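Since every read-out is calculated from the coordinates, none of them should be taken as a lab result. It should be emphasised that the depicted structure is a prediction, and the values quoted were computed from it without experimental measurement. Using ideal geometry, Cβ is built from the backbone for each residue, glycine included, and neighbour counts are taken over all protein chains shown.
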Amino acid sequence: MKCAFCGDQVVYVRQYDKTALCIKHFNEQMVKRTQRTITKHKMLKRDDRVAVGVSGGKDSIALLNILTKIESEFPESEIVAITIDEGIEGYREEGMLYAKKNIQKLNIEHHIYSFKSDFGYDLDEIISKLGERGKSREFGACSYCGILRRKILNQAAQDVGADILLTGHNLEDEAETVLLNIIRGDIQRLSRLDPKPRKIHTSLVPRAKPFRNSPQAEIVMYCYLNDLEYQEIQCPYAVEAYRGDVREFIFKTQEKQPMLSFNILRGHEKLLKMMQTVPPKKELRECNNCGEATTSDFCRGCWLKNQLDS
Ligand SMILES: [Zn+2]
Ligand SMILES: [Zn+2]
């Protein structure tokens, strides 16, 4: 088999359209697709100060690498990396190491924030304080972690003066989020899941996901072909996640229907156009404690803090 573009030796065959690619064209296609996604959804402006959330996993490491290639054409823009230390013993240290290593190699400004110093408790403490799930704890560990990571990432992005915050969520992550919101009947959140970054509130830095069209398998391959080291082990709390079932469904179905995740995202984009003509039921207001945008009296981070302090 030969590369569809140049006839060289093939290193990867794209699952969804069977295009055979040599290493040069595989890399080129990865960059081009990211660029197309950024352009299509107007994710970046020429002179943006861009914050990238870098966990040390494959997605954020590959994204940072590809963004620096794209950014080299835009001298007025800047990239800064942000890593959040959730405080997960035996897990976070390794991810932090890979984050630092890759960020240093690219010569990018790196800012580290932590649950402990920015919230007062690290994730291990939160989970042991709230007790076992099903008994005293209402939600899975990932829900608490997600609430706080989101909140601290937003504060960090504001701190470093970023115009936009990018995260490494890939195609299947995004399809999973769409499906989860449908399963939960959470139409509000489904309508807020807009690929185009928006300034919906003064307290929130707009966010975007340039990898939303990049399949996980190709991101893994990109890291491998470009010698990018990343953390491979799963978070010890991931076993609790309800997301896991939906994830399994996506990857299993995708074996027979390789366009599945693309179809879910295209369907969601069409739905969005219709949903955005309907005004939101609950208006955004400011959290009584921290001022961040919320639909109730307190944001979910402050609600959690309150639970832990009492
Ligand atoms: Zn080629
Ligand atoms: Zn708050």
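Report the local net charge at E218: Lys and Arg +1, Asp and Glu -1, summed over other residues whose C-beta lies under 10 Å from its C-beta. Spell out each step's value before the answer.
On the way: positive: R14, R33; negative: none.
Counting the neighbours of E218, the net charge comes to +2.
Need one number: nm distance between label points at S114 and Q257, each 7 Å from Cα along Cα→Cβ, rounded to one decimal.
Placing both labels 7 Å along Cα→Cβ, they lie 4.6 nm apart.
Gain in length, K196 to W303, computed as 0.36 nm per residue apart minus the alpha-carbon separation, to one decimal in nm?
Working it through step by step, the gained length comes to 35.7 nm.
Tell me whether segment 46-154 comes out rounded, prolate or oblate; compute the Cα gyration tensor, take square roots of the eigenvalues as a ≥ b ≥ c, and use a/c under 1.5 as the rounded threshold.
prolate
Can you give the % of DSSP beta bridges in the chain that are antiparallel, to the nearest 5?
25
If Lys and Arg each add +1 and Asp and Glu each add -1, what is the summed charge of the other residues whose beta carbon sits under 9 Å from the beta carbon of R300? List each step's numbers first, then the result.
Numbers: positive: R150, K151; negative: none.
Within the 9 Å Cβ shell, the charges total +2.
If amide hydrogens are placed 1.01 Å from N in the peptide plane, which non-local residues have theirs closer than 5 Å to the one on F5?
C22
Divide by every residue of the chain the summed helix terms, -39500 (n - 2.57) for each DSSP H run of at least 4, and state the resulting mean residue ellipticity at 222 nm, rounded to the nearest 500 deg cm²/dmol. All intermediate terms of the calculation are to be shown ahead of the outcome.
Values: 12 runs with 148 residues, N = 310.
Result for the chain, helices only: -15000 deg cm²/dmol.
Starting from the Cα of K105, draw a straight line to each of the lysines and keep only those under 19 Å, dropping any in the same chain fewer than 8 residues away.
K58, K69
Only sites in a loop by DSSP and with at most 14 other Cβ atoms within 10 Å count here; which trypsin sites (Lys or Arg not before Pro) in segment 223-295 make the cut?
Sites meeting the loop and neighbour criteria: K281, K282.
Dividing the convex hull volume of the alpha carbon atoms of segment 26-280 by its residue count, what do you get in Å³ per residue?
137
Could you give the nm distance between label points at V220 and E283, where each point is 7 Å from its Cα heading toward the beta carbon?
It works out to 4.8 nm between the two label points.
Roughly how big is segment 26-280's charge dipole about its Cα centre, with Cβ charges of +1 (Lys, Arg) and -1 (Asp, Glu), in debye to the nearest 20? Write out the running numbers ahead of the final one.
Details: 38 positive and 37 negative charges, 239 e Å.
With Lys and Arg at +1 and Asp and Glu at -1, about 1140 debye.
Multiply the residue separation of D17 and K273 by 0.36 nm, subtract the distance between their alpha-carbon atoms, and state the gained length in nm to one decimal.
Stretched fully, the D17-K273 segment lengthens by 89.4 nm.
Build a GNM of the chain with springs between Cα atoms under 10 Å: which of I61, I187, I126 gets the top mean-square fluctuation?
The residue that fluctuates most here is I187.
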